[in-house]
1. Being among the hydroxyl-bearing types (Ser, Thr, Tyr) and open to solvent by 70 Å² or more (accessible area, probe 1.4 Å) is the filter here, so list the residues in segment 75-110 that pass it.
2. Could you say whether any residue in segment 67-74 is in a helix (DSSP H, G or I) and either of a type in the set (A, V, I, L, M) or within 15 Å of the ligand (Cβ to nearest atom) (or both)?
3. Please determine whether any residue of segment 36-45 is open to solvent by 50 Å² or more (accessible area, probe 1.4 Å) and within 16 Å of the ligand (Cβ to nearest atom).
4. Which ones in segment 101-123 are within 18 Å of Ile48 (Cβ to Cβ), within 12 Å of the ligand (Cβ to nearest atom) and assigned to a helix (DSSP H, G or I)?
5. Only one residue in Arg128, Arg165 is open to solvent by less than 90 Å² (accessible area, probe 1.4 Å) and not hydrophobic (A, V, I, L, M, F, W, C), so which one is that?
6. Among the numbered criteria (1) open to solvent by less than 10 Å² (accessible area, probe 1.4 Å); (2) within 16 Å of the ligand (Cβ to nearest atom); (3) in contact with a helix residue (DSSP H, G or I) (Cβ under 8 Å, 6 or more places away or on another chain), which one does Pro144 miss?
7. Test Ala32 against the criterion of being at pLDDT 95 or above, assigned to a helix (DSSP H, G or I) and in contact with a His (Cβ under 6 Å, 6 or more places away or on another chain), and give yes or no.
8. Tell me whether segment 129-141 contains one or more residues that are on the phi < 0 side of the Ramachandran plot and within 11 Å of the ligand (Cβ to nearest atom).
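The values are calculated or read from the model by the stated rules, or taken from the named source; none is laboratory data. Being a predicted model, the structure only gives us computed values, none of them experimental. For neighbour counting, all protein chains shown are included, and Cβ atoms are generated from backbone atoms with ideal geometry for every residue, glycine included. Surface areas here come from the heavy atoms of the whole protein model, side chains and all, with no ligands, DNA or RNA. Shrake-Rupley method; radii C 1.70, N 1.55, O 1.52, S 1.80 Å.
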Amino acid sequence: MDVFEAIKGRYSVRAYKADPVEDEKLATVLEAARLAPTAANRQPIQIIVAHTAGRADEISRIYDREWFAQAPLVICVCAIAEEGWSRSDGKPYADVDAAIAMDHLILAATGVGLGTCWIAAFDPAAAREVLGLPDGVEPVAFTPLGYPADEPRDKKRRQMEDLVRLERW
Ligand SMILES: Cc1cc2nc3c(=O)[nH]c(=O)nc-3n(C[C@H](O)[C@H](O)[C@H](O)COP(=O)(O)O)c2cc1C
């Protein structure tokens, strides 16, 4: 699948089959995250891969939707702020790096036929506790990872002219 096909084909999957994710496919999506660019190449991220089997109650404490723990895997991308690059005015970029890594992972997942859904509305305290995250390792985004059990929907997006200001030169 080419990149633009993956971009067009990706959607937020909110129902998953119980089928396991093959090790090779998991390795592919993790490799995509590993190869993602980061500011000053600091790579201030950590990726946690959690199995949901037999842990639905615990995993649901992180994000309380039944489809979240329905997928065989849940992935969390964390930022380690003190390892990240900051701009001259102090703006930190570790969260941006984490988001880029998650997006690489998600597009690669689409490319190998797996479903994902960006999750930001999780409970950070529960995430820390369930995943055993130390201080300084900040969960930024989650996604379930598994085979979709729903169908893509039409994408509702702003019109190009509302989105882009094309300067003339
Ligand atoms: C940063 C970010 C956070 C999101 N958080 C959640 C979330 O907590 N729960 C959820 O169901 N969807 C979440 N989404 C999914 C969006 O609702 C979804 O991407 C958007 O409605 C567009 O739909 P699509 O992904 O199917 O194209 C999030 C998406 C992004 C990019």
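1. The answer is Ser88, and nothing else.
2. Among the residues of segment 67-74, not one is in a helix (DSSP H, G or I) and either of a type in the set (A, V, I, L, M) or within 15 Å of the ligand (Cβ to nearest atom) (or both), which makes the answer no.
3. no
4. If the condition is that a residue be within 18 Å of Ile48 (Cβ to Cβ), within 12 Å of the ligand (Cβ to nearest atom) and assigned to a helix (DSSP H, G or I), then Met102, Asp103, Ile106 are the ones that fit.
5. Sole residue among the options that is open to solvent by less than 90 Å² (accessible area, probe 1.4 Å) and not hydrophobic (A, V, I, L, M, F, W, C): Arg128.
6. (3)
7. It is true that Ala32 is at pLDDT 95 or above, assigned to a helix (DSSP H, G or I) and in contact with a His (Cβ under 6 Å, 6 or more places away or on another chain).
8. Checking segment 129-141: at least one residue is on the phi < 0 side of the Ramachandran plot and within 11 Å of the ligand (Cβ to nearest atom).
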